[in-house]
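Data block below; observations after.
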Amino acid sequence: MRRTALVTGAASGLGALAARRLAAAAWDVVAVDVDAEGLARTALRSPNMHVRTCDVTDPEAVADVLAVSGPVQRVVHAAMISPAAPALEQPFGEIEDTLRTDVLGTVHVVRAALPGMLERGRGEMILCPVAVDRDSSPGSSPGSSAGAAASAAVAAYTEALWAEHGGQGVTFRCARAALGTPPRVVLDAIDRSLARPGGEPHVPLEDGGGPLRRLARRPSAGALAPR
């Protein structure tokens, strides 16, 4: 049976590794990003990977990708950004771009892919926002206020989707990893979670400040980290 996965943010990081893993597991992979050169590197020597240059903030472009790819059984949405800056100094345009990419981009991808999954009664919708560092303390180095807000919004959106459409054959997962967590760690956690399709949608990624917290590095000021 042909299995098709849509992976966004596939030019680098988590999205690139997710696309490669799925292709190696014999999925047909539609790899999406705004970075055409990065997509080409991801798809190298993967004949069952199909790259599409697409900006997830454009709902028509996202819908066009799904129209061409046909039904998808899995979505790994990793097209997220998290520019670091002090909360009161972050440029408004940067905040707006982050919310548009992370929150509205998520909505566009879900609205393009989920109706078909619900109609077929099966599918996996995996959303991968960047989490704020929960170990932050007063006087610590700048994080990303916009990224934190976007991450919380995507997590809440996942919960709303699960509450409205859970039990209809579609599995919902939110893998909210701290910036700097190795992609392989996140994807391994997602795989373990998908092996147990029941239960709530949040993928366990932390153990109260244990190994995963130590693996996550705090971003440097001004860094822009596509996921």
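Quick check: anything in the stretch 1-8 surrounded by fewer than 24 Cβ atoms within 10 Å (Cβ to Cβ), assigned to a loop (DSSP other than H, G, I, E, B) and among the aliphatic types (A, V, I, L, M)? Yes, that holds for at least one residue. Look at the stretch 187-203: where a residue is more than 15 Å from residue 77 (Cα to Cα) and a partner is modelled with pLDDT under 90 and surrounded by 11 or more Cβ atoms within 10 Å (Cβ to Cβ), sitting 6+ places away or on another chain with Cβ atoms under 6 Å, you get 189/205. Among the residues of the stretch 1-59, the one identified as of a type in the set (Lys, Arg) and closer than 24 Å to residue 100 by Cα is 52. Cβ-Cβ distances below 8 Å connect the following pairs, each with a first residue in the stretch 41-61 that is closer than 15 Å to residue 21 by Cβ and in contact (Cβ under 8 Å) with a residue 24 or more places away in the chain, a second residue that is among the β-branched types (Val, Ile, Thr) and in a helix (DSSP H, G or I), and a separation of six or more residues or different chains: 49/42. Exactly one residue among 107, 75, 56, 62 is under 18 Å from residue 117 (Cβ atoms) and assigned to a loop (DSSP other than H, G, I, E, B), and that residue is 56.
Considering the stretch 179-218, the residues that are modelled with pLDDT of 95 or more and of a type in the set (Asp, Glu) include one that is nearest to residue 160 (Cα to Cα), namely 191.
The values are calculated or read from the model by the stated rules, or taken from the named source; none is laboratory data. The model shown is predicted, which means the values in this text are computed figures rather than measured ones. Every residue, glycine among them, receives a Cβ derived from its backbone with ideal geometry; neighbour counts consider all protein chains shown.
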